[in-house]
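Notes to accompany the following structure.
The values are calculated or read from the model by the stated rules, or taken from the named source; none is laboratory data. On a predicted model such as this, the values are computed, not experimentally measured, just so you know. With ideal geometry, Cβ positions are generated from the backbone for all residues, glycine too; neighbour counts draw on all protein chains shown.
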Amino acid sequence: MIKTVFEYELEGKLLLKTYADGSQRKYYYDGIKVILEKTKPAQGSWTTSKVYTLGGGDIGFIISEREISGQNNTDRWYHYDRLGNVMALSNSSGSPSTYFDQDAFGNVLSGSTNGYHLTTKEQHNDIGLYYFSERWYDSLLGIFTQKDSLKNVNKYKYVSNNPLNNIDPFGLEQVQVCCRPIGLTLGIFYHCYLKTESGTYGMHPGGLKEDDKGDRGGICGKPFCCDKLGDKAKDKGKGWKYNWWDNNSNDFVREVVKDCGADPLAAYPLPWLGQAPGYI
């Protein structure tokens, strides 16, 4: 017996849930974040059930929600820990109305198992999984239920098995910009490259190289997520005409980071490295 049917749009965003009793829930987005939900009973019409006030960022972005039931509205404000896990909800008077306790992998130990919890992702208690925009995540097993779209040794791993320190906003493999110094007679130059758990991508005088021994060491910036990093790096590398002064390895990395939708200066281990000369 089918309990719940999920329907998605072309890019993979969840649009509609149909339950076994015929009732439905529809999701409306502001970009990749849910801003409004509507519900419909098996025999009835669509009504707005929840409206979210959103802030910036990919975690901890829900400021408040308004639950609508007939003529009655209930407002709740969200409170987070440093990783964007929802720890409590407060009511319109500012008093805590709900507390959540969960382990590092998102298993709720106390409080409702439905709604937004782990790094501000929604847990669907009818299937026991978290929705991460790109994939579904099983907190009991600590893995994603679908493969990562990027090349990876373990395509189902969640935050490199380190949920106390890492986050994964969209369910994608994490990427880092790494830079190593190169000593030259004219001073110190830096070669920068892109690093994932499964390998590296770097621009060299001979063109784009994967897992090259020259793309090792140095210091690395904060992880960010990128959909199909390998494809983006290869597409950018096809027409790349290398020269050291304005088309170097650092220029290449900056452009790929931009294509991933990330801020290059924030992705580099030190912001000024994003402006440093590249690999000669």
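Brief remarks on what is shown
- Hits in the stretch 5-32 - residues which are closer than 20 Å to residue 67 by Cβ, in contact with a Leu (Cβ under 7 Å, 6 or more places away or on another chain) and surrounded by fewer than 15 Cβ atoms within 10 Å (Cβ to Cβ): 28, 30
- Among (1) under 30 Å from the mean Cα position of the chain (by Cα); (2) over 18 Å from residue 134 (Cα atoms), the one test that residue 42 misses: (1)
- Looking at the stretch 17-100, the strands (runs of 3 or more DSSP E) lying wholly inside it that each contain 1 or more residues that are small (Gly, Ala, Ser) and at pLDDT 95 or above sit at 47-54, 62-69, 86-90.
- Considering the stretch 85-112, and only residues there that are of a type in the set (Gly, Ala, Ser) and over 25 Å from residue 25 (Cα atoms), the residue that is nearest to the chain's Cα centre (by Cα) turns out to be 104.
- Residue list for the stretch 121-158, restricted to those being modelled with pLDDT of 85 or more, surrounded by 17 or more Cβ atoms within 10 Å (Cβ to Cβ) and in a loop (DSSP other than H, G, I, E, B): 121, 132, 135, 139, 142
- Scanning the stretch 101-120 for residues that are in a strand (DSSP E or B) and either among the aliphatic types (A, V, I, L, M) or surrounded by fewer than 16 Cβ atoms within 10 Å (Cβ to Cβ) (or both) yields 101, 108, 109, 110.
- Restricting attention to the stretch 33-55 and to residues that are in contact with a strand residue (DSSP E or B) (Cβ under 9 Å, 6 or more places away or on another chain) and of a type in the set (S, T, N, Q), the residue that is surrounded by the most Cβ atoms within 10 Å (Cβ to Cβ) turns out to be 39.
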